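Let me begin by presenting the structure, written as structure tokens, before commenting on it.
Derivation of every value follows stated rules applied to the coordinates shown; laboratory data play no part. Everything numeric in this text was worked out from a predicted model, so none of it was measured. Heads up, the Cβs are rebuilt from the backbone with ideal geometry, glycines too, and the neighbour counts pull from every protein chain shown.
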Amino acid sequence: MEAKKTTIKETVSASKKLGEADARDLLKSASKLIVAKGKKLSESAVPQRVTKELVASLLGPTGNLRAPCLKVGKTLIVGFNEQAFGKLFG
């Protein structure tokens with residue numbers, strides 16, 4: 001991100017655990033969701049009514065928000081995928 005001169009507005013320490021309520025709040029402020037799990041990448045529009053399944057896609061096995069999690073404009077990206085980061089910062 002530094003190479004593309006992207007400004008980071010907020011960084012949350014990994015020691016701060018973000019859970020289901022935090023994931024729901026993030027989804028409410030987004031219009032597009034990109035979820036990366038391994039090589040699998042899924043993109044979808046965020047509906048006005050956020051479902052439990054959608055919230056679950058942001059959470060890891062411990063119930064905490066998966067990392068990395070970035071919000072770029074109205075796009076929320078969870079998990080790492082080089083292709084997805086290229087779309088946002090390329």
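Have a look at segment 4-59 and give its Rg and Dmax from the Cα atoms, expressed in angstrom.
12.8, 36
Can you work out ³J(HN,Hα) from phi for every residue in segment 56-64, in order, using Karplus 6.51 cos²θ - 1.76 cosθ + 1.60 and θ = phi - 60°, giving whole Hz and x for Gly and Pro?
For segment 56-64, the Karplus-derived couplings read 4, 5, 8, 9, x, x, 8, x, 9 Hz, x marking Gly and Pro.
For the chain, what does the helix formula give at 222 nm: sum of -39500 (n - 2.57) over DSSP H segments with n ≥ 4, over the residue count, nearest 500 deg cm²/dmol? If you can, show how the numbers build up before the last one.
Working: 3 runs with 22 residues, N = 90.
Counting only the DSSP helices, I get -6500 deg cm²/dmol.
Label 7 Å along Cα→Cβ of GLU43; segment 50-90 residues with amide nitrogen under 15 Å?
72-78, 81-90
Mind listing the phi-derived Karplus ³J(HN,Hα) values for segment 36-53, rounded to whole Hz, using 6.51, -1.76 and 1.60 with θ = phi - 60°, and x for any glycine or proline?
So the J values, rounded to whole Hz, are 10, 9, x, 8, 7, 10, 10, 10, 7, 7, 8, x, 4, 9, 6, 8, 4, 5.
Dipole size in debye (nearest 20) for the chain around its Cα centre, Lys and Arg Cβ +1, Asp and Glu Cβ -1?
Values: 17 positive and 8 negative charges, 24 e Å.
I would put it at about 120 debye.
Which of the peptides 71-79, 46-54 is most tightly packed, and how do the rest follow, judged by the mean count of other Cβ atoms within 10 Å per residue?
On the way: 71-79: 17.1, 46-54: 11.3.
Per-residue Cβ counts within 10 Å, averaged per peptide and sorted highest first, yield 71-79, 46-54.
Rounded if a/c is under 1.5, else prolate if a/b beats b/c, else oblate: with a ≥ b ≥ c from the C-alpha gyration tensor eigenvalues square-rooted, which is segment 20-89?
Numbers: a/c = 1.72, a/b = 1.21, b/c = 1.42.
Note, shape of segment 20-89 comes out oblate.
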